[in-house]
1. So how far, in whole Å, is the C-alpha centre of the stretch 85-105 from the one of the stretch 140-217?
2. Once the dipole of the chain is set up with Lys and Arg at +1 and Asp and Glu at -1 on Cβ about the Cα centre, which of S46, G162, V92 lies farthest towards its positive end?
3. Where does the Debye-calculated log10 I(q)/I(0) of the stretch 183-324 sit at q = 0.09, 0.16, 0.18 Å⁻¹, using only Cα point scatterers of equal weight, no solvent?
4. If R0 is 41 Å, what FRET efficiency do you get for D147 and A303 from their C-beta distance, rounded to 0.05?
5. Would any residue of the stretch 3-33 have its amide N under 19 Å from a label point 7 Å out along Cα→Cβ of S251? List them or say none.
6. With the contact rule set at Cα under 8 Å and sequence spacing of 6 or more, what percent relative contact order holds for the chain?
7. Per residue of the stretch 357-372, in order, report the coupling 6.51 cos²θ - 1.76 cosθ + 1.60 (Karplus, θ = phi - 60°) as ³J(HN,Hα) in whole Hz, putting x for Gly and Pro.
8. Which of the peptides 71-79, 30-38, 95-103, 110-118 is most tightly packed, and how do the rest follow, going by the mean number of other Cβ atoms within 10 Å of each residue?
Amino acid sequence: MTISFIDLAAQQARLRQALDRSIARVLDEGQYIMGPQVAEFERQLSAFCGAKHSLSCANGTDALQLALMALGIKAGDAVFVPSFTFAATAEVVPLVNATPVFVDVLPDTFNMDPKSLKRAIVNARERGLRPACVIPVDLFGLPADYDVLIDIARESGMKVIGDSAQGFGGIYKDRTTGSIGDISTTSFFPAKPLGCYGDGGALFTDDDELASLIDSLRVHGKGTHKYRNERVGVNSRLDTLQAAILIEKLSVYPEEIVARQRVAERYSNALGNYFEVPFIPEGLRSIWAQYTLKTKDSTERDALQERAKRAGVPTVVYYPIPLHRQNAYMDFPQDPDGLAVSEDLAGRVISLPMHPYLEADVQDRIIEAVRG
Ligand SMILES: *Cc1c(COP(=O)(O)O)cnc(C)c1O
């Protein structure tokens, strides 16, 4: 039997009848763009995370770009992003002509380091940039330390966009991600914890004005009439078909998040004596987009990966090269003290198969292979 890194088929088997009915309804109704399922899904997203406004869009990268556009981020603005993340977090910044400034992460949570952020702000100012926005990432499903990061942002008059592409539904103290920051965003890419069957994304905000701006920007800067253009926007909508699929998936998502805790706990109990296992700070809940171990060094990681592969256990390294070392991003500013933690993690992290339908006996096989 082959082991999947993320088993989308197990979830589909559970939901297949409901999905077939929902998809058939969209085909019967024929409203493929902004059909009634889109508004219904947005309503359910708000009920789930507590944000006043949920606005779906075409993917998680567009969600970040729309957030920057809605906040008026422009040339001369510095946008602070972690280096240890998926490229999309930084990619959207030069797309609105602003400058990404790379910040290091903490060695235990893998999320943005407040001290590094402070140093990067000073450096950005010295370069004549205007500190404008911070984008904390909920890496691997664990919420960033929002209270601390938002305080630092506010001291410099900055906005905060939470990139919750991997962490939507995580708990930060008494709040659910999606409801934190000026705007937060997520992705419904199939392999994300709440994924559709194609591309999809969403933005969340409590601010009425930002919400109506985002609603306009996602449809070519529309005004009150579809053929009145108030501003330059983009075309970024969630397909009605994907919304219909996501309504079914969201209905089991809370249960799946609980199941993910069980899987993660089992890994940590079995592997804690062998490797550094994930650390979850008091009052936070990860949704375990990834279950990521730290090995001693890259030699130990290579050996683990090879051993797992021989046993038919897939593993993935997220992320082997931090963004400030990538050709596309190496010329942008960064924390002047360097990004030692991001570089260290890139050399020794490894993620194990993780999904809510991972059965105990399969997980035991994985654990055995990983331990060696
Ligand atoms: C996946 C991801 C995105 C982008 O989402 P897409 O839907 O693939 O565009 C952005 N940020 C992070 C941290 C991600 O993991």
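1. Using only Cα atoms, the two centres lie 16 Å from each other.
2. V92
3. For the requested q values the scattering log ratios are -0.46, -1.05, -1.18.
4. Between D147 and A303 the formula returns 0.55.
5. Answer for this model: 9-29.
6. After rounding, I find 23 percent.
7. Calculated HN-Hα couplings, in order: 9, 6, 7, 4, 5, 5, 4, 4, 4, 5, 4, 4, 5, 6, 5, x Hz.
8. The most tightly packed comes first, giving 110-118, 95-103, 71-79, 30-38.
Coordinate-derived values only; no laboratory data. Keep in mind that this is a model prediction, so the values were computed, not measured. We place every Cβ from the backbone using ideal geometry, glycine too, and count neighbours over all the protein chains shown.
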